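Working notes, structure below.
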Amino acid sequence: MTLPKFLIVMVYSKLLLSRLDAFDKVEVRMEYQIVPDHEADPAVGKYPQSAPASQALLGQVPGDIVETVFNYEAVRLRVDSIHEGD
């Protein structure tokens, strides 16, 4: 079965993510958009596709949890929703 591509994290996907603690409790929710490196602007939630967190998120679907590095810190992120980018 093939899922519609907008349900899979791709470059330009706009994501709603939850940062989880060790007990799977939500610490913070954030918007995250994966963009080509030259378009990155973390101040507005646009992160480069080469970043470790972006690489870990690519190909994921809503509900998936990834362990990665974000802002130089080990984190667990859950993909809550995916929307098509600009």
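Details
- Derived scalar couplings between HN and Hα for segment 37-44 equal 3, 6, 9, 5, 7, x, 4, 10 Hz in order, rounded to whole Hz, by the Karplus curve 6.51 cos²θ - 1.76 cosθ + 1.60 (θ = phi - 60°), x for Gly and Pro.
- 5 angstrom amide H check on residue 64, placed H, neighbours 5+ away: 79
- Annotation for segment 29-86: GluC sites (Glu not before Pro) lying in DSSP loop with at most 10 further Cβ atoms inside 10 Å of their Cβ are 84.
- Approximate spin-label separation residue 80-residue 12, in nm, with each point projected 7 Å along Cα-to-Cβ: 2.5
- Rolling a 1.4 Å probe over the protein heavy atoms gives the chain an accessible area of 63 Å² per residue.
- DSSP-loop chymotrypsin sites (Phe, Trp or Tyr not before Pro) across segment 1-79, with at most 13 other Cβ within 10 angstrom: 23, 72
- Couplings for segment 28-34, taken from phi via the Karplus curve 6.51 cos²θ - 1.76 cosθ + 1.60 with θ = phi - 60°, read 7, 10, 8, 9, 8, 10, 8 Hz in order; Gly and Pro are left as x.
- Long-range amide H partners of residue 70 with built H, under 5 Å: 75
- Accessible-area composition of the chain, carbon plus sulfur, in percent [1.4 Å probe]: 55
- Prolate/oblate/rounded call for the chain, Cα gyration tensor, a/c under 1.5 rounded: oblate
- Other residues lying with their Cβ under 13 Å from the Cβ of residue 19 contribute a combined charge of -3, Lys and Arg counting +1, Asp and Glu -1.
- Under-5 Å amide H pairs with residue 47, H placed in peptide plane, nonlocal only: 33, 34, 35, 41
- Report summary: the helix-based calculation at 222 nm, which adds -39500 (n - 2.57) for every DSSP H run with n ≥ 4 and divides by the residues of the chain, gives -1500 deg cm²/dmol.
The values are calculated or read from the model by the stated rules, or taken from the named source; none is laboratory data. The shown structure was predicted, so the numbers you read here are calculated from the model rather than taken from an experiment. In this analysis, Cβ positions are derived from the backbone assuming ideal geometry, glycine residues included, and neighbour counts consider all displayed protein chains. Calculation scope for accessible area: heavy atoms of the full protein, side chains included, ligands and nucleic acids excluded. Shrake-Rupley method; radii C 1.70, N 1.55, O 1.52, S 1.80 Å.
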